[in-house]
1. Can you tell me which residue within the stretch 6-32, out of those that are open to solvent by 90 Å² or more (accessible area, probe 1.4 Å) and in a helix (DSSP H, G or I), is farthest from His204 (Cα to Cα)?
2. Please specify each residue of the stretch 15-47 satisfying the condition of being without any contact (Cβ under 8 Å) to a residue 24 or more places away in the chain and small (Gly, Ala, Ser).
3. Sort out which residues of the stretch 126-162 are in a strand (DSSP E or B), of a type outside the set (Gly, Ala, Ser), touching a helix residue (DSSP H, G or I) at 6+ places or on another chain (Cβ under 8 Å) and farther than 11 Å from Val178 by Cα, and write them in order of number.
4. Identify the single condition in (1) surrounded by 12 or more Cβ atoms within 10 Å (Cβ to Cβ); (2) modelled with pLDDT under 85; (3) within 33 Å of the chain's Cα centre (by Cα) that Thr173 does not satisfy, given that it satisfies every other one.
5. Can you confirm whether the stretch 150-164 contains a residue that is aromatic (Phe, Trp, Tyr), out of contact with any strand residue (DSSP E or B) (no Cβ under 6 Å at 6 or more places or on another chain) and free of Cβ contacts under 8 Å to residues at least 24 places away in the same chain?
6. Condition test on Arg59, is it under 32 Å from the mean Cα position of the chain (by Cα), modelled with pLDDT under 75, open to solvent by 100 Å² or more (accessible area, probe 1.4 Å) and farther than 28 Å from Met217 by Cβ?
7. Looking at (1) of a type in the set (Ser, Thr, Tyr); (2) more than 28 Å from the chain's Cα centre (by Cα); (3) at pLDDT 85 or above; (4) surrounded by fewer than 16 Cβ atoms within 10 Å (Cβ to Cβ), which one does Ser156 not meet, given that it meets all the others?
Amino acid sequence: MTALIIIACIALFFLLVLSLRVKVTLEYKDELLLFVSVGFIKVRVLPKKQRRGPHSMSRAKAKRIRAKVRKKALEKKQKQLEKKRLKKLEKQKKKQKRSFDDVLDIIAAVKEIVTTALGRFFGHLRVDIAKFHINVATQDAATTAILYGAVCSALSHLFHILEPLRGFDLPKTQDVSVNADYLSEKTTVDIKLSFSLRVWHALHVAIATLIKIVKHMVLFKSKNEALPDGHKNKTA
């Protein structure tokens, strides 16, 4: 009985984790704000919090720190150069000419993988527009009119792209407004958008994409192994 309770608790825990929604919220008024939240945890990504500057220290200590930083940077650069050299040698050893058919197979595989990933992703993605207010204004009335038309056109195209998404509904009229202000001199923006995806939806996208990748890798490998060596290296 105790074992069943433990198993049920573990299953419930994973069920709760998988049902959590990962949300990215974008806000802009006076500055760009970007938040990432998972469940009740919310983290600000932009703008980053400013770190306090280092405390005052002696010249000798500062000199030692600078020397240590330079030494680490030099070692890192040398490692990167060595890594690039080894990678280049490995590429030269393994470099083979691929036939035109191989290139077509790769293009078709990439297309199918990307289509699967994007199709699953946008099928689960939820888009919420809390507010979208733009007050178009410039120092010139003609420029304001042109910019106003461009903003309205861009917003129309944006809603046209988002409308087919399963998790998107057109916002209420009072939540969206684009106005041309011929008396002001500066355009003002006040928007808040959020994009969210449940954890198990993200896993679904990842697993479906991974299956496609493995499938095409196996097919491509079996095809190359079935062909004679002379045909593999044949170019179009």
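The values are calculated or read from the model by the stated rules, or taken from the named source; none is laboratory data. Predicted, not measured: the structure shown is a model, and the values here were computed from it. Cβ sites come from the backbone with ideal geometry, for glycine too, and all protein chains shown count toward neighbours. Accessible surface is based on the protein model in full, side chains and every heavy atom, while ligands, DNA and RNA are left aside. Shrake-Rupley method; radii C 1.70, N 1.55, O 1.52, S 1.80 Å.
1. Among those residues, the one meeting the criterion is Ile6.
2. Selection gives Ser37, Gly39.
3. Val127, Ile129, Lys131, listed by residue number.
4. Answer for Thr173: the failing condition is (1).
5. Looking only at the stretch 150-164, we keep the residues that are aromatic (Phe, Trp, Tyr), and these are 159.
If we keep only those that are out of contact with any strand residue (DSSP E or B) (no Cβ under 6 Å at 6 or more places or on another chain) too, we end up with 159.
The next check asks that each one be free of Cβ contacts under 8 Å to residues at least 24 places away in the same chain; those that pass are 159.
For the stretch 150-164, residues aromatic (Phe, Trp, Tyr), out of contact with any strand residue (DSSP E or B) (no Cβ under 6 Å at 6 or more places or on another chain) and free of Cβ contacts under 8 Å to residues at least 24 places away in the same chain: present.
6. Here the answer is no, as Arg59 does not meet what is asked.
7. Going through (1) of a type in the set (Ser, Thr, Tyr); (2) more than 28 Å from the chain's Cα centre (by Cα); (3) at pLDDT 85 or above; (4) surrounded by fewer than 16 Cβ atoms within 10 Å (Cβ to Cβ) one by one, Ser156 breaks only (2).
Okay, residues lined up against (1) among the polar types (S, T, N, Q); (2) more than 30 Å from Leu203 (Cα to Cα); (3) at pLDDT below 90; (4) in contact with a Cys (Cβ under 7 Å, 6 or more places away or on another chain):
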| position | (1), (2), (3), (4) |
| --- | --- |
| Thr115 | yes, no, yes, no |
| Phe121 | no, no, yes, no |
| Val127 | no, no, yes, no |
| Phe132 | no, yes, yes, no |
| Ala141 | no, yes, yes, no |
| Glu163 | no, no, yes, no |
